[in-house]
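Novice: Let me begin by handing over the structure; questions about it come next.
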Amino acid sequence: MKPEMEQRFEFGRNWHDFIQKNYGRDKVETSKNHLLTFLGRDSLKGCSFLDIGCGSGLHSIAALDAGAELVHSFDYDPNSVAATRYIQDQIDNPDNWTVEQGSVLDDSFMESLPQYDIVYSWGVLHHTGDVWHAVRNAAGRVKDNGSFYIALYSADVQVDPPPKFWLDVKQKYVSSGWLTRRCMDFWYVWRFQLHRNPLLLPHFLQRMRDYKKNRGMNIFTDIRDWLGGWPMEFVYDAEAIKFCENMGFQLKNIATGEANTEFLFTKKQLS
Ligand SMILES: C[S@@+](CC[C@H](N)C(=O)[O-])C[C@H]1O[C@@H](n2cnc3c(N)ncnc32)[C@H](O)[C@@H]1O
């Protein structure tokens, strides 16, 4: 069955659960270091920061911690908004951090926002159902000379089975009820974790334990995220670069090889 566009994966539920179990200074530090390293900065002092599709809110608090003067976070999913507000509460709701519900595809909402020194959207725009519309709207919020930091699911990374297979799986997952979803979770484990070999069960159980130890997350949470992550589009890196260059951006940094390619663009000042 082909899902309607309104049928989408409930990412926010996972994020809410994740952050309540995992929030801590170590996570903020890890995110902050990653953010600053990729941006090539020592701090975000004096910068305004827009986090589109803030999910757990972890990267928003990391930006604040890195010295951002003002942070604005939004997400389409009310549970992601609740997860971000949960973190905001942990640091007594600072005045310079706004969290709200909104969609990057909503043109009037996006146009109502000011422009920011840094626009950040990690792992989001390809999950909207209209990736290029989303990239264009996000890019429109970057100030002249500002930074545009996005991560998009890469079509250049070889996945086996290929993207078409996974897109079909995701559509089926998101259209299904609780029972079918649980059957699909186990199908995934049997085929892609155990490789149809019951002798690999102890190895899988060990992985489950390590997962919990390292990330505090249940391995099934990540499996559900992967199986259900719909809508979803795969994007070629070169296509993303060309699209942004055509909007007046210049590529400053790129990290490839993982499922999400990270891009850092600077918006050229109009002369
Ligand atoms: C894979 S998560 C990434 C979360 C976060 N950026 C991170 O790096 O951890 C994708 C997020 O994008 C959000 N999202 C999907 N469509 C959106 C839209 N149209 N506007 C804003 N957020 C959206 C989802 O609700 C979800 O929280």
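Bear in mind that the values in this text are calculations on the coordinates, not laboratory data. The structure presented is a predicted model; accordingly, all values stated were derived computationally and were not measured. In this analysis, Cβ positions are derived from the backbone assuming ideal geometry, glycine residues included, and neighbour counts consider all displayed protein chains.
Novice: So if I place +1 on the C-beta of Lys and Arg and -1 on the C-beta of Asp and Glu, and nothing else carries charge, what would the dipole magnitude of the chain be about its Cα centre? I want it in debye, nearest 20.
Specialist: With only Lys, Arg, Asp and Glu charged at Cβ, the dipole is about 980 debye.
Novice: Kirkwood-based Rg over Rh for the chain (C-alpha set), two decimals?
Specialist: Details: Rg = 18.9 Å, Rh = 19.5 Å.
Rounded to two decimals, Rg over Rh is 0.97.
Novice: Same structure, new question: Towards the positive end of the charge dipole of the chain, with charges on Cβ (+1 Lys, Arg; -1 Asp, Glu), say which of VAL174, LEU58, TRP97 has the farthest Cα.
Specialist: The residue sitting farthest along the positive end of the dipole is VAL174.
Novice: With the chain treated as a Gaussian network of Cα nodes joined by springs under 10 Å, which of PHE186, PHE18, PHE74 yields the largest mean-square fluctuation?
Specialist: PHE186
Novice: May I pose another question? Is there a pair in LYS172/LYS242; LYS172/LYS268; LYS164/LYS268; LYS164/LYS242; LYS32/LYS242 whose C-alpha atoms are over 31 Å apart, and which pairs would that be? Write out the running numbers ahead of the final one.
Specialist: Working: LYS172/LYS242 33 Å; LYS172/LYS268 43 Å; LYS164/LYS268 36 Å; LYS164/LYS242 24 Å; LYS32/LYS242 29 Å.
Among LYS172/LYS242; LYS172/LYS268; LYS164/LYS268; LYS164/LYS242; LYS32/LYS242, the Cα-Cα distance tops 31 Å for LYS172/LYS242; LYS172/LYS268; LYS164/LYS268.
Novice: Using the count of nearby Cβ atoms within 10 Å as a rough guide to exposure, how do ARG207, ARG13 rank from fewest to most?
Specialist: ARG207, ARG13
Novice: Moving on. GNM on the chain, C-alpha springs below 10 Å: top fluctuator among LEU44, LEU199, LEU251?
Specialist: It is LEU199.
Novice: While we're looking at this one, here's another question. When the C-alpha atoms of the range 163-228 are aligned to their principal axes, what extent does each axis show, in angstrom, from largest down?
Specialist: 31, 27, 24
Novice: Separate question: With contacts defined as alpha carbon pairs under 8 Å and 6 or more residues apart, what's the relative contact order of the range 163-228 in percent?
Specialist: Values: 29 pairs, mean separation 27.3, N = 66.
With pairs under 8 Å counted, the relative contact order is 41 percent.
Novice: With only alpha-carbon atoms in the gyration tensor, what are the semi-axes of the equivalent ellipsoid for the range 49-185, in Å, largest first?
Specialist: Working: eigenvalues 170, 73, 37 Å².
Here the semi-axes work out to 29, 19, 14 Å.
Novice: While we're looking at this one, here's another question. Report the residue, chosen from TRP122, TRP178, TRP230, that carries the largest GNM mean-square fluctuation when the chain is represented by alpha-carbon nodes joined by springs under 10 Å.
Specialist: TRP178
Novice: Can you pull out the GluC sites (Glu not before Pro) in the range 1-107 whose DSSP state is coil and whose Cβ has at most 16 other Cβ atoms within 10 Å? Please list the in-between numbers first.
Specialist: On the way: sites: GLU4, GLU6, GLU10, GLU29, GLU69, GLU100; in loops: GLU4, GLU6, GLU10, GLU69.
The qualifying sites are GLU4, GLU6, GLU10, GLU69.
Novice: How far apart, in nm, are the 7 Å Cα→Cβ label points at ASP222 and LYS164?
Specialist: Rounded to a tenth, the inter-label distance reads 2.9 nm.
Novice: Still on this model: In Å and from the alpha-carbon atoms only, list the Rg and Dmax of the range 162-271.
Specialist: Over the range 162-271's Cα set, Rg and Dmax evaluate to 19.0, 65 Å.
Novice: Of the peptides 132-142, 47-57, how do they stack up when ordered by the mean number of other Cβ atoms within 10 Å, highest first? Walk me through the intermediate numbers first.
Specialist: Values: 132-142: 19.6, 47-57: 25.9.
Answer by packing, highest mean first, reads 47-57, 132-142.
Novice: Defining a contact as two alpha carbons under 8 Å apart and six or more residues distant in sequence, what relative contact order in percent does the chain show? Write down the numbers at each step before the final one.
Specialist: Details: 458 pairs, mean separation 57.0, N = 271.
Computed value for the chain: 21 percent relative contact order.
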